């Protein structure tokens, strides 16, 4: 037994390992080794997801970056250049035999590896010299001695904090909405055989600070507490022992001579490994010209001695050649290329591109009461205009105080080494040409306090926290510090049309069509009202009006002079229900999730107490039993918002069957009028509530239905 400062031997019977991502059986392993003795093509997510249908210049640009071509040949089209891991302290972090097989054929070490084959034609003796040199690099690691590890807890963290955005779930995982059994891993980044590659203490160290070894951020730094890191490491290695000290470390590498290490260093220098890897004592060669005729350079279909070999598909090779033809004058979409290369699209969309894949989407969890906004990271559309530079930089640096959506369990990783550069780049990328400034009137500040509240305001605190004050309903982001986070011009544009930034959001259009629904506040001036809200957030005193100091009471909404609109959770209308109460005692519930009317009823409208004052608001019901549901069979559409006319009557806008459909509702003389118009084509299919008499009027571009009761 080695002393306490060294790696402990593995006690027989204390540790049982099974591969959590489906490692092969012994028989399968033999077949695996036979198959993978031929190197497969490199797997680049940004290329596979967006550019694998046909050869393209943009696809070649991503490959040029992510295969490391730019490291030797310069001019990366991606903002953050792709580098390999730092080659330090390998003898304590990586098993020597795994590294030997990986260098011989990278595909044997990790399926889809972007590391090229470099050692074709090299003798075992020379490879031994290279390993001897690599084993001397570094100053040594003092591992943190953990006392507890829990693989099951690590599994929960792995599947909820964001790892599954890039990697496949483990085969036996059962989440609330998805499992590892039916996961499509075609766009997942494969793990290496971690059990063959590394140890619990080394993987724990890496997960605690991946940017220490992968500064290019392709492995992002998800910030884990010390206990979380070792639990995730235990999960990935399937360590069943609860005491990490009972698990052995990386096997000792054999002693090497000075001469062997010197020969290995010379070989590593000759292969220009320092172009991709940080290697103490070695520097990369200068930029190399791309030469050859296509058969005798790095894109050759056959291995050429002295050159990297990538076993590219025909499509990958053709895309790279297309890019190289235009490389000097390339003017592609730099934002898309960088976000695709860094795999930001695994979690975020930008301008309706990207976002979680169909397979990964069910593994994003959070507060489902907020809809997708409560479990999916926000869009990156216009992010350089949305966030103030210092705040954006703090987000990218991983500052805890800059995390404002604790209900989203997927964690935004840190990119500390590149935070300043990415912030400057995004700010320049998204700078608007002619932003409309906020109306800035300090005398309107107190009106902003009223507007944020529920007493004659737009009910912001119904859903949003205000500092230590919890919202009256669902716990959406804190409004009290928006002035520190958001650009005021973006804030204005968002309030005017929330769905344009995030389609399907629960955030209602409080100024639909740019018009105020509160004509008696600041003369109904939309710009002044939005400016007043910002002014109060920025410099106001106190809290918005309406936080209750009571524990109960009835809050029946009674429409009088004009219709009333209330967002809520509503039975048979879903979590995105929009209730419309009309003065004529006929009311409507519109299902914003399905983009269709759900209910109409006669009598009293709605009691808003639970919506306004209950933290986890239950689903509501009409204050009447005279209820008429619309058939479930009506085809769903995509809700795009609503507008109000001068009398407060709503027109709901829905995308359905590839066109825009508008449905206007009003009440007059004890009847509900439903007017439908559409952008093109014939009349859409329409269903009607059961038990209601219907009169139909047809015109070329609209249908009008009158619902009444005998």
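Nothing in this text is a laboratory measurement; each read-out follows from the coordinates by a stated rule. As the structure is a prediction and not an experimental result, all values here were calculated from the model. Because the Cβ atoms are built from the backbone with ideal geometry, glycine has one as well, and the counts that use them run over all protein chains shown.
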When 485, 492 are arranged by how many other beta-carbons sit within 10 Å of their Cβ, fewest first, they go 485, 492
What is the angle, in °, between the Cα long axis of helix 151-160 and the longest principal axis of the Cα atoms in the chain? Nearest 10 is fine, range 0 to 90. 60
Net length gained if the chain between residue 325 and residue 358 were fully extended (0.36 nm per residue, minus Cα distance): 8.4 nm
Which of the peptides 179-188, 576-585 is most tightly packed, and how do the rest follow, going by the mean number of other Cβ atoms within 10 Å of each residue? 576-585, 179-188
Send over the semi-axes of segment 442-539's equivalent ellipsoid, whole angstrom and largest first, taken as the square roots of 5 times the C-alpha gyration tensor eigenvalues. 18, 17, 14
Distant alpha-carbon pairs in segment 334-429 (separation over 18 angstrom), percent: 47
Taking only C-alpha pairs under 8 Å that are 6+ residues apart, what is the relative contact order of segment 557-708 in percent? 17
For the peptides 529-536, 445-452, what is the packing order when you average, over each peptide's residues, the other Cβ atoms within 10 Å and list the highest mean first? 529-536, 445-452
Rg over Rh of segment 557-708, using C-alpha atoms and the Kirkwood radius, what does it come to? 0.95
Counting other beta carbons within 10 Å of each Cβ, put 358, 526, 410 in order, fewest first. 358, 526, 410
Segment 346-408-segment 557-578 distance, computed between alpha-carbon centres (Å): 29
Contact order relative to length for the chain, counting C-alpha pairs under 8 Å separated by 6 or more residues, stands in percent at 11
Given R₀ = 60 Å, FRET efficiency for residue 243-residue 558 by Cβ-Cβ distance, to 0.05? 0.35
Over segment 375-488 - Rg/Rh using Cα atoms and the Kirkwood inverse-distance radius: 1.00
For segment 184-311, what percent of Cα pairs sit more than 20 Å apart? 66
Mind jotting down the distance between the C-alpha centroids of segment 669-686 and segment 196-275, whole Å? 64
What is the P(r) of segment 86-237, as percent of Cα-Cα pairs per 5 Å bin from 0? 2, 8, 16, 20, 20, 15, 10, 6, 3, 1, 0
If you rank 710, 197 by fewest surrounding Cβ atoms within 10 Å, what's the result? 710, 197
Calculated FRET efficiency, residue 680 and residue 278, Cβ-Cβ r, R0 45 Å, to nearest 0.05? 0.15
Given the C-alpha centroids of segment 308-336 and segment 426-492, what is the distance between them in whole angstrom? 44
Please check which bits of segment 364-399 a label hung off residue 179 would reach, taking the label as a point 7 Å along Cα-to-C-beta and the cut-off as backbone N under 20 Å. 364-365
Ordering 457-464, 124-131 by per-residue average of other C-beta atoms within 10 angstrom, highest first, gives 457-464, 124-131
When mean projected area of the Cα convex hull in nm² is calculated directly from the model, which label among (i) 54.2; (ii) 37.4; (iii) 48.4 fits? (ii)
Hypothetical label at residue 443: residues of segment 514-531 whose amide nitrogen lies under 18 Å (7 Å Cα-Cβ projection): 520-531
Nitroxide proxy distance, nm - points 7 Å out along Cα→Cβ at residue 152 and residue 431: 5.6
Let me have the 222 nm mean residue ellipticity of the chain computed from DSSP H runs of 4+ only, each contributing -39500 (n - 2.57), with the sum over all residues rounded to the nearest 500. -7500 deg cm²/dmol
